[in-house]
Every structure is written in structure tokens, then in C-alpha cells.
Amino acid sequence: MSAMESRPVRIHLVAAARPNFMKVGPLFHALSAVPWAQARLIHTGQHYDASLSDVFFRDFDLPPPHRNLGVGSGSHAEQTGRVMLAYETLLCEERPAVTVVVGDVNSTPACTLAAAKLGVPVAHLEAGLRSFDRTMPEEINRVVTDAVADILWTPSPDADANLAREGVDPAKVLRVGNIMIDTLERLRPRIDAVQTEEAFGLARGEFGLVTLHRPSNVDDPERLAGICAVLARLSARLPLLFPLHPRTRARLEAFGLMSGLAGLKSLVLAEPLPYIDFMGALFASRFALTDSGGLQEETTYLGIPCLTLRPNTERPITLTEGTNRLVTPQTVEEAAHAALDTPRARRAPQLWDGRTATRVVASLERFLDGRGV
Ligand code: UD1
């Protein structure tokens, strides 16, 4: 009997941390619009601050999660283990027909392992991305998740090639595009209206937007001091807006770097911003300086120059087809000046079109009907 014979089919959508919410949002809405699905949002509680979690439910018009597992922060093993234990209990209670996981945070492989071992099929949205840098916790998360998942929805051809090289059965893989673009397009009118820059005393097109939170950039005092010095020099040429992730704020304070940064005249420090406010700032910015994964993609889609302070990226299509450039603290100033002198150029990769959720729902329906992905 196919799962579709007992309708509506229960589907878990797992969300854990800030970069997950813009990926499950469009899928929740698309599944809510079909009669055969009963979508349930499961929040693992990896992010729990309102500014990293609750505000996104509001921006994305999502109901409160069906269940919050409340795992909180901890070491990697603690956090991953707590998610596995809590999610296993919920799986036994609810027996979903499919568990959908997104992205590459610790909760992604944790829920994948718990579900797979109970025989619940797992679908990974944003499968196949690889930085080939196993010092990144996210790379381990990606490899583990994709090795076990039953459905692998990829955003780009490089992801398909990575999965093929790892021996994943091509029958499990479907390229669906970039789901974050669905969120961006759905909310574009509200983003256009928000004018975040004004609230921070900045002028449209005349500032750079900075986000940094990767352990490799913020956990080492010398590295972070070097980055602060770069921000000071950059802000002398163009004002900067820097919303601070809690990890980054904590490290700046612990390393005695906060007062120097806060004292810079042309650098505006802010709390983490809700999605619509943040995208409002991005739309108005001249360039982004970041170590985020998602921002590399959003800037490519929008044609905004992006300087990524990392030695590698799991999203190489943003380098080959987009506006992204990998930089170091030594090369970032030259790259920023070049970005300021270059006009915007927009070239969205194939299937980054705002219709990814529709393709995912069609794929899920085929899978549940026993017709492959
Ligand atoms: C996690 C993800 C990362 C993602 C990022 C986006 C992993 C391994 N990392 O990193 O891929 O890019 O989310 O934000 O899954 N904290 C708070 N409030 C919260 C959550 C965390 O203050 O709601 C603080 C805690 O001190 C915590 C630290 O931030 O120890 C780090 O949080 P954690 O969830 O471990 O990783 P992130 O750096 O947020």
C-alpha cells in the first residue's frame, strides 16, 4: 500500500536554527495548499533567542511549531545527541510518512539518523553542497545527511555532481533549485517597503552590510582582532552596518574588542535583524561582507557584490555564475574597492526562480505514490 492511500499524509518539516526557517517556510505553505498532506513544523530548539528564531515565524507567516524539542546550545556531540534522543521519542509518537530536513546545521544529521533508523524515509532539501573542508562542522553534517537520506533535492548542478561522485544512486536525486529564493520573492513587496537603512541613519546604496559568525572567523582572538582592524579601515571609505550574531558579540566582548568596534564613527553595530528588515538592508547595500552560506546565494540572485571571508565555499555556483568572491583579511580591502567600482550585474542560476517549493511538493507526491522522486 502506498503512503498516499492513508490521507492526509503526515510530513515532518524540521527546522532548528536561523538559516533553516527561510527554507521550511515556503515548503510549509506549499504543503498546506494540497489536500493530501498534513505538514507539521518541528523546531529542535537549537536556536532559541527570539531574534534568531521567533521573529522568523512572524516574518514568514508560520504558525508556532507543532512541537519544540528545546535542545538549546552545547558542544557538538551534546547538541546532536540531545536532538537525536528528543526526535526519536517524537518519531515513535507520530510516525510521519516522511521527515524533511534542510540545510546543514547540527539538527539536520541528528534528525536524519533518528528517522532513518526507525525506517522513516528522510528527504534532504539543499543536498549535495560540499566545501571539501572537513574542519567545518557543517561539512560533516552535509556528508552524513546525504549518505543516509532517501530523497536528495539539490539546488545546483555542482551538487548533483558531488552526489554522483560519492556514489549516491541518481534515482534518489532531483534538482529543484534554491528554496530561499521562494521566500525572497514571496516577501519582496514587504522587503521593498521596509527601508531598514533609514532606521540606522544610512543612505540607500551607500553602505556595506557585514555578517560574521563562523567559528573560524570569530573564535580566535588574533583572527577576530585582524578582522576588526579591516572593518575600521573599510568603514573609513564607506559606512558599514554590522548586525551581531550572539556568538560574535560574545567573542568580541571576551577578547576585549567590543569597545574599539563600537567606537568607530562609520560602523553601525546592531542586534540580529528579522528577515524582512535584514533583506531590506541587503537590497539597499552596496556590497556584503560575510561568512554566511545563504547570503552568498541571495547576493548572487540580487546581483549585489559579495565578499566571503572564507578560504572555500560549498556554493561554488555563486563564484562561477554569481557575484561572490572569496577573500582573506589581506585581500578584502582591494576586493571591496573593486566591488565599489563595479556596476551591479544580475544573473540568477537556473531554477532559482521562486518555484522550488512547488517542485518539491510534486516530487514528494511522486515519492509517496511509489513513483520515485
Ligand atoms: C549554527 C549553525 C551554523 C549556522 C548558524 C546560523 C551548526 C554546527 N552551526 O551556528 O551552521 O550558520 O547556526 O546562526 O549547527 N546562541 C544564543 N542564542 C541562540 C542560539 C545560540 O545566544 O538562540 C549562542 C550560544 O552561546 C551558543 C552559540 O550562540 O553556544 C552558538 O550557537 P550554535 O547553535 O551552537 O551555533 P551557531 O554559531 O549559531
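Taken together, the values in this text are just the output of simple stated rules run on the coordinates, not laboratory data. Quantities reported herein were computed from a predicted structural model and do not represent experimental measurements. Don't worry about glycine lacking a Cβ; one is built from the backbone with ideal geometry, like all the others, and counts go over all protein chains shown.
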(request) Grab the other residues whose beta carbon is less than 11 angstrom from that of Asn20, score K and R as +1, D and E as -1, and report the net. (result) 0
(request) Could you tell me whether the range 1-130 comes out rounded, prolate or oblate from its Cα gyration tensor? Rule is a ≥ b ≥ c as square roots of the eigenvalues, rounded for a/c under 1.5, then prolate if a/b exceeds b/c, otherwise oblate. (result) oblate
(request) Using a cut-off of 15 Å between beta-carbons, work out the net charge of the residues near Gly226 (Lys and Arg +1, Asp and Glu -1, Gly226 not included). (result) 0
(message) Just to verify a number: FRET efficiency for Glu333 and Asp369, C-beta to C-beta distance, R0 = 41 Å, to 0.05?
(response) 0.15
(request) Mind grabbing the base-10 log of I(q)/I(0) for the range 102-258 at q = 0.16, 0.17 Å⁻¹? Debye formula, identical points on the C-alpha positions, no solvent, two decimal places. (result) -1.04, -1.07
(request) Would you please calculate the Kirkwood hydrodynamic radius of the chain over all C-alpha pairs and express it in Å, rounded to one decimal? (result) 21.1
(message) I want to check the label-to-label distance for Glu222 and Glu78. Put each point 7 Å from Cα in the C-beta direction and report it in nm to one decimal.
(response) 2.9
(request) Pop the C-beta distance of Arg346 and Glu206 into the FRET formula with R0 = 25 Å and round what comes out to the nearest 0.05. (result) 0.80
(message) Between Ala199 and Leu85, how high is the FRET efficiency from 1/(1 + (r/R0)^6) when r is the Cβ-Cβ distance and R₀ = 51 Å? Nearest 0.05.
(response) 0.75
(request) Sticking with the crude label model, points 7 Å out along Cα→Cβ, report the distance from Arg190 to Ala270 in nm, one decimal please. (result) 1.6
(message) Less than 15 Å Cβ to Cβ from Ala348, Lys/Arg counted +1 and Asp/Glu -1: what total charge do the surrounding residues give?
(response) +1
(request) Quick one: which residues, 5 or more positions from Leu13 or on another chain, have an amide H under 5 Å from its amide H? H modelled 1.01 Å from N in the peptide plane, none for Pro or chain starts. (result) Arg40, Leu41, Ile42, Val100
(message) Need one number: the % of Cα-Cα pairs in the range 260-346 sitting beyond the 19 Å mark.
(response) 41
(message) For the pair Tyr48/Glu166, report the inter-label distance in nm, with labels modelled 7 Å from Cα in the Cβ direction.
(response) 3.0
(message) For His66, project a label point 7 Å along Cα to C-beta. Then give me every residue of the range 77-96 with its amide nitrogen under 13 Å of that point.
(response) 90-96
(request) Return the long-range amide H neighbours of Ala348 (sequence gap of 5 or more, or a different chain), with a cut-off of under 5 Å between placed amide H atoms. (result) none
(message) Please check: in the Gaussian network model of the chain (C-alpha springs, under 10 Å), which one of Gly74, Gly103, Gly354 has the largest mean-square fluctuation.
(response) Gly74
(message) Just to check, using Stokes-Einstein with a Kirkwood Rh over alpha carbon pairs, what's the diffusion coefficient of the range 237-285 at 20 °C and 1.002 mPa s in µm²/s?
(response) 182
(message) Please enumerate, by chain and number, the lysines with C-alpha under 23 Å from the C-alpha of Lys172, excluding those fewer than 8 residues away in the same chain.
(response) Lys23, Lys117
(request) Would you please calculate the Kirkwood hydrodynamic radius of the range 217-372 over all C-alpha pairs and express it in Å, rounded to one decimal? (result) 17.3
